[in-house]
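Participant: Dropping the structure in here first, questions after.
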Amino acid sequence: MPHTPEHFDAMFSDSDDPWHFKTHWYEARKRALTLAGLPAARFTSAYEPGCANGELALALAPRCDRLLISDGSAKAVTLARERTAHLTHVEVRLAWLPDEWPDQAFDLIVVSEMAYYLDAAALDLLADRMRASLLPNWSNATVLACHWRPRIDGCAMSGDEVHRRLADRLALPQRCGYFDDDFRLDVWSLDARSVAEREGFRSTPGRTPACASRSERSMIDRPVGQ
């Protein structure tokens, strides 16, 4: 089935939580790793495209002064609005991406479990619009991507392929990375310093810090366990 707004509306008609975000430990663990991967304690203006029913948004909201979330499914947007109604700094929009990317600037963009639904051209456009939305004077401006690694029926790319393409297109320093058999998480930031360097208790002249869990880009292609 094509990945259209109607396709996702049908999924949310059958269940308000079709991917079991609220009930599976796998999803709760992945959210915790997502939050831990953010290189700053707080962000001024954040955006989560593909928000689904708003479960991740509820976790991101305490870390953001303003949080915009969107989804291409009208039914998902209704659920997300209901779940975040008590959060006055959270805005929910209906938007089909990458065509309806918001005309705003952000210091945090979180792309979780949605980019593999795009073809290569649409993914490149998404990456270009993400990069253009990061204001250069916001030194901690960050993009976090998190995706399921196994190939999904009907999707042009796996999560690994999505992240390789995003890394090439964004052309930002990678600040953190994690992968296991199931999913991968990567963080890129305009600020090339480590968290310890940002907080002033570490200085490493002449070296660009790399994430301890993956210091070489070649590890993207290394099978887990090797």
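Participant: Would a scan of region 74-84 turn up a residue that is at pLDDT below 95, in contact with a strand residue (DSSP E or B) (Cβ under 7 Å, 6 or more places away or on another chain) and over 19 Å from Ile152 (Cβ atoms)?
Facilitator: Yes, some residue in region 74-84 is at pLDDT below 95, in contact with a strand residue (DSSP E or B) (Cβ under 7 Å, 6 or more places away or on another chain) and over 19 Å from Ile152 (Cβ atoms).
Participant: Hey, any hits in region 158-167 for a residue that's out of contact with any Leu (no Cβ under 6 Å at 6 or more places or on another chain), part of a loop (DSSP other than H, G, I, E, B) and of a type in the set (D, E, K, R)?
Facilitator: Within region 158-167, not a single residue is out of contact with any Leu (no Cβ under 6 Å at 6 or more places or on another chain), part of a loop (DSSP other than H, G, I, E, B) and of a type in the set (D, E, K, R).
Participant: Shifting gears a bit: Would you check which residues across region 89-145 are surrounded by fewer than 21 Cβ atoms within 10 Å (Cβ to Cβ) and small (Gly, Ala, Ser) and list them?
Facilitator: Across region 89-145, the qualifying residues are Ala95, Ala105, Ala120, Ala121, Ala122, Ala132, Ser133, Ser139.
Yes or no, residue by residue, for (1) more than 18 Å from Phe183 (Cα to Cα); (2) among the hydrophobic types (A, V, I, L, M, F, W, C); (3) in contact with a helix residue (DSSP H, G or I) (Cβ under 8 Å, 6 or more places away or on another chain); (4) part of a helix (DSSP H, G or I):
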site	(1), (2), (3), (4)
Val110	no, yes, yes, no
Ala121	yes, yes, no, yes
Asp128	yes, no, yes, yes
Ala132	yes, yes, no, yes
Ala145	no, yes, yes, no
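Participant: Tell me yes or no: at least one residue of region 62-84 is under 19 Å from Leu144 (Cα atoms) and part of a helix (DSSP H, G or I). Let's see the steps before the verdict.
Facilitator: Taking region 62-84 as the starting set, the residues that turn out to be under 19 Å from Leu144 (Cα atoms) are 62-71.
Next, from what is left, pick out any that are part of a helix (DSSP H, G or I): 62-63.
Taking every residue of region 62-84 in turn, at least one turns out to be under 19 Å from Leu144 (Cα atoms) and part of a helix (DSSP H, G or I).
Participant: Considering only residues of region 63-86 that are surrounded by fewer than 22 Cβ atoms within 10 Å (Cβ to Cβ) and either in contact with a Lys or Arg (Cβ under 9 Å, 6 or more places away or on another chain) or among the basic types (Lys, Arg) (or both), which is nearest to Phe179 (Cα to Cα)?
Facilitator: We begin by selecting, within region 63-86, every residue surrounded by fewer than 22 Cβ atoms within 10 Å (Cβ to Cβ); these are 63, 65-66, 74-75, 78-79, 81-86.
Within this subset, residues satisfying the condition of being either in contact with a Lys or Arg (Cβ under 9 Å, 6 or more places away or on another chain) or among the basic types (Lys, Arg) (or both) are 63, 65-66, 75, 81, 83.
Values: Arg63: 23, Asp65: 29, Arg66: 29, Lys75: 31, Arg81: 31, Arg83: 30 Å.
So the residue we want is Arg63.
Table: residues versus (1) closer than 21 Å to Gln174 by Cβ; (2) touching an Asp or Glu at 6+ places or on another chain (Cβ under 7 Å); (3) of a type in the set (Val, Ile, Thr).
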residue: Leu97; (1), (2), (3): no, no, no
residue: Val110; (1), (2), (3): yes, yes, yes
residue: Tyr116; (1), (2), (3): yes, no, no
residue: Asp124; (1), (2), (3): yes, no, no
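Participant: Here's something else I'd like to know. In region 69-105, which residues are more than 20 Å from the chain's Cα centre (by Cα), β-branched (Val, Ile, Thr) and within 20 Å of Pro5 (Cα to Cα)? Talk me through it step by step, then tell me what you get.
Facilitator: Initial filter on region 69-105 (more than 20 Å from the chain's Cα centre (by Cα)): 74-75, 78, 82, 85-88.
Those left that are additionally β-branched (Val, Ile, Thr): 78, 88.
Once the filter is applied, which keeps residues that are more than 20 Å from the chain's Cα centre (by Cα), β-branched (Val, Ile, Thr) and within 20 Å of Pro5 (Cα to Cα), region 69-105 yields only Thr78.
Participant: Continuing with the same structure: Which one is surrounded by the fewest Cβ atoms within 10 Å (Cβ to Cβ), of the residues in region 1-26 that are of a type in the set (Phe, Trp, Tyr) and assigned to a helix (DSSP H, G or I)? So that I can check it myself, show each step before the final result.
Facilitator: As a first pass, look at region 1-26 and keep what is of a type in the set (Phe, Trp, Tyr): 8, 12, 19, 21, 25-26.
Then drop every residue that is not assigned to a helix (DSSP H, G or I), which leaves 8, 12, 25-26.
Details: Phe8: 20, Phe12: 20, Trp25: 8, Tyr26: 13.
Going through the qualifying residues, I end up with Trp25.
Participant: Inspect region 27-49 for any residue being assigned to a helix (DSSP H, G or I) and over 16 Å from the mean Cα position of the chain (by Cα) and give the result as yes or no.
Facilitator: So in region 27-49, the residues assigned to a helix (DSSP H, G or I) come out as 27-37.
After this cut, where a residue has to be over 16 Å from the mean Cα position of the chain (by Cα) as well, the list is none.
There is no residue in region 27-49 that is assigned to a helix (DSSP H, G or I) and over 16 Å from the mean Cα position of the chain (by Cα).
Participant: Further question on the same structure: Consider Asn140 against the criteria (1) within 20 Å of Ser45 (Cα to Cα); (2) in a loop (DSSP other than H, G, I, E, B); (3) at pLDDT 95 or above: it satisfies all of them except one. Which criterion is unmet?
Facilitator: Single failed check for Asn140: (3).
Participant: Considering only residues that are surrounded by fewer than 21 Cβ atoms within 10 Å (Cβ to Cβ) and either touching a Gly at 6+ places or on another chain (Cβ under 9 Å) or not charged (D, E, K, R) (or both), which ones fall in region 38-57?
Facilitator: Listed by number, the residues that qualify are Pro39, Ala40, Ala41, Thr44, Ser45.
The values are calculated or read from the model by the stated rules, or taken from the named source; none is laboratory data. This is a predicted model, so every value here is computed, not measured. Methodologically, a virtual Cβ is constructed for each residue, glycine included, from the backbone with ideal geometry; neighbour enumeration extends over all protein chains shown.
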